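Since the structure comes first, as structure tokens, the remarks are kept for the end.
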Amino acid sequence: LAKTTQPISMDSYEGQEVNITCSHNNIATNDYITWYQQFPSQGPRFIIQGYKTKVTNEVASLFIPADRKSSTLSLPRVSLSDTAVYYCLVGLMEYGNKLVFGAGTILRVKS
Amino acid sequence: SQTIHQWPATLVQPVGSPLSLECTVEGTSNPNLYWYRQAAGRGLQLLFYSVGIGQISSEVPQNLSASRPQDRQFILSSKKLLLSDSGFYLCAWSPPRDRGAKNIQYFGAGTRLSVL
């Protein structure tokens with residue numbers, strides 16, 4: 001399982017774009033990159049997943065460079081309700097689908 | 001659509017008492033099932049996962065155990081709780097490998113366990 005490194009915390013203001021970068025230098029060829037969001041006292045919620053280049057959905061965008069050794073979650077125009085912990089995970093569709101959740105990035109959005 | 005149910009939402013138990021947390025999934029078959037624990041302010045720790053009935057893999061040796069008596073039911077148990085068992089317990093499911101899904105896990109609402 002590829003190890004990931006994320007900033008411990010980030011602060012932003014409402015209406016700004018937030019970019020959270022995750023490093024995963026030992027990502028394997030068949031690994032996918034997945035981001036989750038977790039609010040206090042709730043289970044994590046899937047945000048977005050990608051393999052290479054750029055993926056966009058109604059919530060966020062995920063940018064993955066050609067070497068795939070890092071990825072950036074982009075949240076457009078954040079609001080106070082985006083205050084949460086964001087986890088970057090890297091893994092393969094392997095037996096048991098085991099994923100490792102690190103400490104994540106605490107995003108605080110201020111008014 | 002698929003849903004995951006986890007109960008109870010909160011639980012206060014004395015040290016040495018037994019534990020049983022239940023998780024069920026609806027709307028899918030043969031899911032992969034997981035139990036995680038999260039200490040306050042920390043990331044998630046995978047405790048057990050299961051790819052089928054009766055198939056349980058343990059990630060962390062401890063006084064907890066898991067069982068999967070039915071395809072969509074996953075139970076976390078303990079015979080005697082320790083203070084260190086306190087935490088936020090989360091159940092999750094993911095599609096089986098043969099569905100072509102890409103490692104996405106879907107979590108329940110969690111159980112806040114306090115051992116006193």
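The values are calculated or read from the model by the stated rules, or taken from the named source; none is laboratory data. Keep in mind that what you see is a predicted model, and the values were worked out from it rather than measured. Counting neighbours? That spans all protein chains shown, and the Cβs are built from the backbone with ideal geometry, glycine included.
Which one is nearest to the other protein chains (Cβ to nearest Cβ) among residues in the range B:12-43 that are polar (S, T, N, Q) and over 13 Å from residue A:101 (Cα atoms)?
Out of the qualifying residues, it is B:32.
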Quiz item: With respect to residue B:6, is the statement that it is among the polar types (S, T, N, Q), touching an Asp or Glu at 6+ places or on another chain (Cβ under 8 Å) and farther than 23 Å from residue A:106 by Cα true?
Solution: yes
| field | Meets criteria (within 11 Å of chain B (Cβ to nearest Cβ), under 30 Å from residue B:50 (Cα atoms) and modelled with pLDDT of 95 or more) for residue A:85 | value | yes
The condition from (1) crowded, with 16+ Cβ neighbours inside 10 Å; (2) without any contact (Cβ under 8 Å) to a residue 60 or more places away in the chain; (3) more than 8 Å from chain B (Cβ to nearest Cβ); (4) within 21 Å of residue B:105 (Cβ to Cβ) that residue A:40 misses is numbered (1)
The strands (runs of 3 or more DSSP E) lying entirely within the range A:1-101 that contain at least 1 residues which are in contact with a helix residue (DSSP H, G or I) (Cβ under 9 Å, 6 or more places away or on another chain) and under 26 Å from residue B:60 (Cα atoms) are A:32-38, A:84-91
Selection over the range B:89-105 where residues are touching a residue at least 12 places away in the same chain (Cβ under 8 Å) and buried (at least 20 other Cβ atoms within 10 Å of the Cβ) yields a count of 8
request  = Kindly indicate whether any position in the range A:48-58 is out of contact with any strand residue (DSSP E or B) (no Cβ under 9 Å at 6 or more places or on another chain), of a type in the set (D, E, K, R) and more than 14 Å from every other protein chain (Cβ to nearest Cβ).
outcome  = yes
Residue A:103 fails exactly one of (1) more than 12 Å from every other protein chain (Cβ to nearest Cβ); (2) of a type outside the set (Ser, Thr, Tyr); (3) under 27 Å from residue B:40 (Cα atoms), namely (1)
Of the residues in the range B:3-50 that are free of Cβ contacts under 8 Å to residues at least 24 places away in the same chain and in contact with a Leu (Cβ under 8 Å, 6 or more places away or on another chain), the one that is surrounded by the most Cβ atoms within 10 Å (Cβ to Cβ) is B:49
